Amino acid sequence: MRRALEISQGLQRQLNRAALALTVVGTLCLIAILLVVTAGIVMRYLFNTPLLGVNEIVQLTAVGLVMSALPYCTAKGDHVAVDVFDSMLGKWGRFLGDILSRVISALVLGLLCRRAALKALDALEWGDATNMLKMPIWPFYAILSVGAGLCALVFAVQLLVLILRGAD
């Protein structure tokens, strides 16, 4: 049992590193949003020439930002947690609630990962693009898929560690 816990914690550290690496994509997305919005404002108000497609760029890049940051946030446990019922549930109630929340989260994110991957392949095959700028949308579905998949794995490993540790 102790060896299994050590292995699962090692796996958890590896997933944390992968999630941290994915945040580089999120950082680039955030920088891109800042640059595009700044350029749009400068062009509109100083040169009276608005940039076309700023909304498309910001909307799609925001998907990349959120989905590449989600696994890291999950790995660090930085999600909002509401503990209104913790005292009423007791140790075992909290333990079961933690298990249930991770199972549901991993399943939903796994489903999202699969659907986004299929949609990315479909968009790549058909050349789907945005209306105004004709930007290909498959990379954004791919980022969504990778982020959701890695987040689902983080939840799954957290579930394994939680079960191996038992109710504290």
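The values are calculated or read from the model by the stated rules, or taken from the named source; none is laboratory data. These numbers were taken from a predicted model, which means no experiment stands behind them. Note that we place each Cβ from the backbone using ideal geometry, even for glycine, and neighbour counts take in every protein chain shown. Heads up: the accessible areas ignore ligands, DNA and RNA and are worked out on the full protein's heavy atoms, side chains in. Shrake-Rupley method; radii C 1.70, N 1.55, O 1.52, S 1.80 Å.
Worth a mention:
- When region 66-101 is limited to residues that are outside any helix (DSSP H, G or I) and among the charged types (D, E, K, R), the one that is modelled with the highest pLDDT turns out to be 78.
- Assessment of region 80-87 against the conditions (open to solvent by 60 Å² or more (accessible area, probe 1.4 Å) and touching a helix residue (DSSP H, G or I) at 6+ places or on another chain (Cβ under 7 Å)) yields no matching residue.
- Set side by side, the residues 52, 35 differ, and just one is more than 30 Å from residue 164 (Cβ to Cβ), of a type in the set (A, V, I, L, M) and at pLDDT 95 or above, which is 35.
- Qualifying positions in region 1-19 - open to solvent by less than 80 Å² (accessible area, probe 1.4 Å) and at pLDDT 85 or above: 15, 16, 18, 19
- Search result, residues across region 1-25 that are among the β-branched types (Val, Ile, Thr) and either more than 13 Å from the chain's Cα centre (by Cα) or not in a helix (DSSP H, G or I) (or both): 7
- Failed item, numbered, when residue 70 is tested on (1) touching a helix residue (DSSP H, G or I) at 6+ places or on another chain (Cβ under 6 Å); (2) open to solvent by less than 40 Å² (accessible area, probe 1.4 Å): (2)
- Boolean, residue 22 is in contact with a Pro (Cβ under 7 Å, 6 or more places away or on another chain), closer than 18 Å to residue 141 by Cα and either of a type outside the set (Val, Ile, Thr) or open to solvent by less than 60 Å² (accessible area, probe 1.4 Å) (or both): yes
- Criterion applied to 133, 162, 118, 60 was being assigned to a loop (DSSP other than H, G, I, E, B) and either over 13 Å from the mean Cα position of the chain (by Cα) or modelled with pLDDT of 95 or more (or both), and the one residue passing it is 133.
- Among residues of region 94-114 that are farther than 16 Å from residue 166 by Cα, those with a beta-carbon under 7 Å from a residue that is surrounded by 14 or more Cβ atoms within 10 Å (Cβ to Cβ) and of a type outside the set (Gly, Ala, Ser) at least six positions away or on a different chain give the pairs 105/155; 106/155; 106/159; 109/151; 109/155.
- So residue 143, is it aliphatic (A, V, I, L, M), within 22 Å of residue 79 (Cα to Cα) and in contact with a helix residue (DSSP H, G or I) (Cβ under 7 Å, 6 or more places away or on another chain): yes
- Some residue of region 34-52 being touching a residue at least 40 places away in the same chain (Cβ under 8 Å), β-branched (Val, Ile, Thr) and within 18 Å of residue 143 (Cβ to Cβ): no
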